[in-house]
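*Asks:* Can you keep this structure in mind? I'll have questions shortly.
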Amino acid sequence: PAPTPTSTPKITPEPYVQKPIVVEAGELASGGITPNSEKYSWTGAETSEYREAFGDPLEERFTSNFINMQSANKRIDWNVYIPASGCYKLLVLGNEYSDRYYTADMDGVENAAPREIKPAKMALRSDDPGNSEHTALTVTEYYFENEIQPGNHTVGITAHSDGKSRNICAAALVRYGGTEPPIVATPEPTETPEPSGMPNPTDTPKPTETPEPSGMPNPTDTPEPSGTPEPTDTPRPDEGYKIVSAESESDGTNVTVVGGSEKASLIAAKYDAAGVLIDFKILDISGAGTYKYDGFAVSGDESARFFIWKTLGTISPLSEPYEIKN
């Protein structure tokens, strides 16, 4: 009998997606925990990153406990496994207002100050219609600019030295850039042809065909048309994005985008004269238009680059970068 065909794995690459790594207050610290039964809702000022990390709507498990951080220089350590190399930022969900913030470090080496020392209110308590800053929740970002390798790491969060820092209820690590991780491979079965030269005993031999005389065309043959172009792949709708201008003003930078229609991330990175990253902002876009980065001004010897990516997790470029320099 003829051998049975077998399947061999075919490797199909899939884009790597790194989801936020999130920790609740009860897992972040063993002491100084205060239970909280109040319900919170996003204000609309939150970003898509915040919703992905802490839920949409905001999940109660991330607000059910608070870590009291009102002691000067109080420190908590988060022992976390990072699965993929890259640059990460820390998101801290809690009460931070009027310059009452923390500092953060990665493995006790790379220190990061908050990007905004007076962050906006991101979530409000249902029993506080006055939207008091004492009860509202904020999300503060701390960027670690050195690329982090996969493995176990320790993220440290330290209260302000004046003892006026407030409460933390959750934290998250979000990958925002760096070397692309290895591709994830998914095996797909493919048919293996039967070995040649092995006759099937149930097959009836076919008669040998008499060859046509040379130089005589076969009347059954229909010549294939020449010069017909091969069909091309249909362009993806997101391949139309293009950044056409970026103008920096005293209160921010306006970036004009044409083409494209799907949701994407418009990313701004600012560098000093030595090429060191000093600021990083993200806007959610869904088509052509002029988008403004409030508080993102380029001055002096600074420069800035703008990118459109599908998401921060996949880091799939949808446009060529656009750069401005003074």
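*Asks:* Restricting attention to the range 123-179, and to residues there that are closer than 22 Å to K74 by Cβ and basic (K, R), which single residue is modelled with the highest pLDDT?
*Replies:* Only one residue fits best here, namely R166.
*Asks:* Just checking, how many residues over the range 258-305 are surrounded by 16 or more Cβ atoms within 10 Å (Cβ to Cβ) and among the charged types (D, E, K, R)?
*Replies:* The number of residues fulfilling the criteria is 5.
*Asks:* Follow-up. Any idea which residue in the range 107-125 is nearest to E38 (Cα to Cα), counting only those that are of a type in the set (D, E, K, R) and in a loop (DSSP other than H, G, I, E, B)?
*Replies:* Only one residue tops the list, namely K121.
*Asks:* Report the residue count in the range 279-326 for those that are at negative phi and part of a strand (DSSP E or B).
*Replies:* Residues meeting the conditions: 24.
*Asks:* In a helix (DSSP H, G or I) and under 23 Å from the mean Cα position of the chain (by Cα): does that describe E52?
*Replies:* yes
*Asks:* A further question on this structure: Report, by residue number, each residue of the range 132-156 that is surrounded by fewer than 24 Cβ atoms within 10 Å (Cβ to Cβ), hydrophobic (A, V, I, L, M, F, W, C) and more than 17 Å from the chain's Cα centre (by Cα).
*Replies:* The one that is surrounded by fewer than 24 Cβ atoms within 10 Å (Cβ to Cβ), hydrophobic (A, V, I, L, M, F, W, C) and more than 17 Å from the chain's Cα centre (by Cα): A136.
*Asks:* Under the condition of being assigned to a loop (DSSP other than H, G, I, E, B) and of a type in the set (S, T, N, Q), which residue from the range 237-278 is farthest from the chain's Cα centre (by Cα)?
*Replies:* Here the answer is S250.
*Asks:* Right, next: Restricting to the range 60-96, what's the tally of residues that are within 11 Å of A170 (Cα to Cα) and in a loop (DSSP other than H, G, I, E, B)?
*Replies:* 2
The values are calculated or read from the model by the stated rules, or taken from the named source; none is laboratory data. Predicted model, so just to flag it, every value in this text is computed and none were measured. Reconstructed Cβ throughout: ideal geometry from the backbone, glycine too, with neighbour counts over all protein chains shown.
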